[in-house]
Amino acid sequence: MTSRSASAAAFAQAKRFIPGGVNSPVRAFRGVGGEPFFVSRAAGSRIWDVDGNEIIDYIGTWGPAILGHAPEPVVTAVREAAARGVSFGIPNPLEVEMARLICQWVPSIEKVRMVNSGTEATMSAVRLARGFTGRDKIIKFEGCYHGHVDSLLVRAGSGALTHGEPDSAGIPRPLADLTLCLPFNDREALRAAFQREGAQIAAVILEPIPANAGLYFPEPGFLETLRELCTAHGTVLIFDEVMTGFRVARGGAQEVYGITPDLTTLGKVIGGGLPVGAFGGRAEIMDRLSPDGPVYQAGTLSGNPLAMAAGLAQLHALERLDGWSRLERLGAALEDRFRSAIRRHGLEERRTFHRIGSMFCLFFSRGPVRNLADAAQSDREAFARYFHGALDRGVYFAPSPFETGFLSLAHTEEDIEETGRVIDAALAL
Ligand SMILES: *Cc1c(COP(=O)(O)O)cnc(C)c1O
């Protein structure tokens with residue numbers, strides 16, 4: 001039996017001083033029961049907890065750690081940058097280098113502004129779209145997560161078109177009412193919404209590959225229809241690529257699907273593990289930001305030199321190492337292990353595996369999974385047994401059936417083989 005007594009003691013202390021003992025709710029393991037472990041250090045594909053247990057990690061700090069933990073290029077870049085000063089609040093050349101790299105790799109982005117988290121990026125992008133169009137309403141999709149922005153913490157009830165029902169206390173009803181929430185992959189619902197109120201819709205925001213309610217994909221034609229409707233109605237199309245940006249391809253999901261959004265939000269991989277986000281897009285829209293335009297947006301620590309150095313080092317290393325093709329090969333190997341374990345246990349009718357590149361999800365339900373309603377069918381008790389079974393055997397998957405797993409370039413063939421044995425054992429529980 002794995003000992004977690006030091007983690008248990010740390011969690012008891014944490015609960016006295018931090019609400020729920022955590023600084024972000026999913027870390028509390030409420031989705032699977034039990035208590036979180038506390039990390040003492042991490043390197044490559046591995047984490048060591050405060051009890052000395054060694055764990056193969058498939059979360060990678062929820063996406064940023066695409067090179068693995070504590071990668072040498074990032075650590076060196078941060079150390080060198082820190083020696084020159086940890087924050088300036090004055091323009092520095094690394095900000096320009098980062099902006100130029102983003103604009104080069106993501107062609108829909110002509111201008112970009114750095115912020116400190118994905119939440120800040122989506123919040124600012126929505127404000128900008130509203131300021132640019134002079135309209136108030138926005139459309140989002142059920143199951144798409146865009147950070148804890150008031151206007152975006154809304155997911156909807158049943159029905160083709162439901163006016164917003166806030167997911168959190170503290171969100172003013174009149175604000176939630178401005179958010180229309182639609183089922184993903186439903187072109188008819190989208191057309192109907194635009195037909196009814198197209199002239200009032202400032203923006204449509206979506207994860208082009210939804211990865212916060214499990215992982216599922218846009219069906220052929222869905223993103224194309226969305227692009228056409230937004231263009232026809234003068235609505236700003238925002239791709240939230242906080243998770244997919246620089247991960248599914250150098251140019252993100254928009255490169256994979258060949259769709260050009262008006263604005264894009266970025267985060268996670270772009271910061272190399274430091275707190276970074278960004279939003280950018282058509283210059284005509286971005287130029288409406290202060291100080292040039294009337295839409296206010298600012299940040300004391302935005303473009304922070306440590307964060308820029310870390311992000312640039314990570315992005316350059318990804319390209320140098322041919323990261324995206326290597327991640328695809330590792331992903332295919334891991335997928336093979338999942339699929340053979342599912343077959344071996346005769347679970348084909350009760351498990352559904354999805355993957356794109358280094359992102360994957362095992363649904364504890366029968367497929368197809370194409371939206372939140374499908375994803376929500378997951379057998380949560382079976383998932384919790386599998387999760388704890390894997391963790392007890394040294395493999396850490398996300399502590400919720402509605403999260404995506406991540407591979408990094410630090411994962412080895414041996415890690416994947418070991419993981420295959422663990423999946424096989426955990427699926428039998
Ligand atoms: C993680 C995430 C966010 C929020 O980013 P934070 O840095 O946690 O604020 C927004 N959108 C998507 C798609 C995400 O995955």
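A compact table of results
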{"item": "From the options VAL236, VAL276, VAL295, residue that is within 23 Å of THR61 (Cβ to Cβ) and either touching a helix residue (DSSP H, G or I) at 6+ places or on another chain (Cβ under 9 Å) or within 16 Å of the ligand (Cβ to nearest atom) (or both)", "result": "VAL276"}
{"item": "Set GLY89, GLY131: member being more than 16 Å from the ligand (Cβ to nearest atom) and surrounded by fewer than 15 Cβ atoms within 10 Å (Cβ to Cβ)", "result": "GLY89"}
{"item": "Checklist (1) surrounded by 19 or more Cβ atoms within 10 Å (Cβ to Cβ); (2) more than 14 Å from the ligand (Cβ to nearest atom); (3) closer than 27 Å to ILE285 by Cα applied to LYS140, failing item", "result": "(2)"}
{"item": "Selection status of THR265, touching a residue at least 24 places away in the same chain (Cβ under 8 Å), within 12 Å of the ligand (Cβ to nearest atom), out of contact with any Leu (no Cβ under 6 Å at 6 or more places or on another chain) and within 22 Å of VAL96 (Cβ to Cβ)", "result": "yes"}
{"item": "Boolean, GLU110 is out of contact with any Pro (no Cβ under 9 Å at 6 or more places or on another chain) and open to solvent by 40 Å² or more (accessible area, probe 1.4 Å)", "result": "yes"}
{"item": "Unique residue being open to solvent by less than 20 Å² (accessible area, probe 1.4 Å), away from the ligand (no atom under 16 Å from the Cβ) and under 17 Å from the mean Cα position of the chain (by Cα) when the list is GLY251, GLY245", "result": "GLY251"}
{"item": "Output for the range 383-409, where each listed residue is crowded, with 21+ Cβ neighbours inside 10 Å and more than 29 Å from PHE222 (Cβ to Cβ)", "result": "TYR386, PHE387, ALA390, LEU391, VAL395, PRO399, SER408, LEU409"}
{"item": "Output for the range 14-42, where each listed residue is more than 16 Å from the ligand (Cβ to nearest atom) and open to solvent by less than 40 Å² (accessible area, probe 1.4 Å)", "result": "ALA14, GLY20, GLY21, PHE29, VAL32, GLY33, PRO36, PHE37, ALA42"}
{"item": "Count of residues meeting criterion [part of a loop (DSSP other than H, G, I, E, B) and either within 13 Å of the ligand (Cβ to nearest atom) or without any contact (Cβ under 8 Å) to a residue 24 or more places away in the chain (or both)] in the range 101-125", "result": "2"}
{"item": "Which numbered condition PRO64 fails, given (1) open to solvent by 20 Å² or more (accessible area, probe 1.4 Å); (2) part of a loop (DSSP other than H, G, I, E, B)", "result": "(1)"}
{"item": "Helices (runs of 4 or more DSSP H) within the range 298-382 that include 3 or more residues surrounded by fewer than 20 Cβ atoms within 10 Å (Cβ to Cβ)", "result": "305-320, 323-344"}
{"item": "Test: residue in the range 110-118 that is in contact with an Asp or Glu (Cβ under 7 Å, 6 or more places away or on another chain) and over 21 Å from LEU266 (Cα atoms)", "result": "no"}
{"item": "Qualifying residue in the range 16-24 (condition: in a loop (DSSP other than H, G, I, E, B), on the phi < 0 side of the Ramachandran plot, aliphatic (A, V, I, L, M) and modelled with pLDDT of 95 or more)", "result": "yes"}
{"item": "Among (1) at pLDDT 95 or above; (2) among the aliphatic types (A, V, I, L, M); (3) part of a loop (DSSP other than H, G, I, E, B); (4) in contact with a helix residue (DSSP H, G or I) (Cβ under 7 Å, 6 or more places away or on another chain) - the single one ILE90 does not satisfy", "result": "(4)"}
{"item": "Residue in the range 217-239 that is in contact with an Asp or Glu (Cβ under 8 Å, 6 or more places away or on another chain), part of a loop (DSSP other than H, G, I, E, B) and within 21 Å of LEU152 (Cα to Cα) present", "result": "no"}
{"item": "Unique match (being modelled with pLDDT under 90 and either in contact with a Ser or Thr (Cβ under 8 Å, 6 or more places away or on another chain) or within 18 Å of PHE222 (Cα to Cα) (or both)) among GLY157, GLY198, GLY147, GLY164", "result": "GLY164"}
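One line per residue, one yes/no per condition, for (1) more than 21 Å from the chain's Cα centre (by Cα); (2) more than 24 Å from GLU413 (Cα to Cα); (3) not basic (Lys, Arg):
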{"site": "VAL26", "(1), (2), (3)": "no, yes, yes"}
{"site": "VAL32", "(1), (2), (3)": "no, yes, yes"}
{"site": "ARG41", "(1), (2), (3)": "yes, no, no"}
{"site": "ALA65", "(1), (2), (3)": "no, no, yes"}
{"site": "GLY68", "(1), (2), (3)": "no, no, yes"}
{"site": "GLU72", "(1), (2), (3)": "yes, no, yes"}
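Results for (1) open to solvent by 10 Å² or more (accessible area, probe 1.4 Å); (2) among the small types (Gly, Ala, Ser), shown as yes or no for each residue.
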| site | (1), (2) |
| --- | --- |
| GLN195 | yes, no |
| ILE201 | no, no |
| ASN212 | yes, no |
| GLU219 | yes, no |
| GLU228 | yes, no |
| VAL256 | yes, no |
| ILE259 | yes, no |
| GLY267 | no, yes |
| ILE270 | no, no |
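The values are calculated or read from the model by the stated rules, or taken from the named source; none is laboratory data. All figures in this text were calculated on a predicted structure; none of them were measured in a lab. Cβ atoms come from the backbone with ideal geometry, glycine included; neighbour counts cover every protein chain shown. Surface areas here come from the heavy atoms of the whole protein model, side chains and all, with no ligands, DNA or RNA. Shrake-Rupley method; radii C 1.70, N 1.55, O 1.52, S 1.80 Å.
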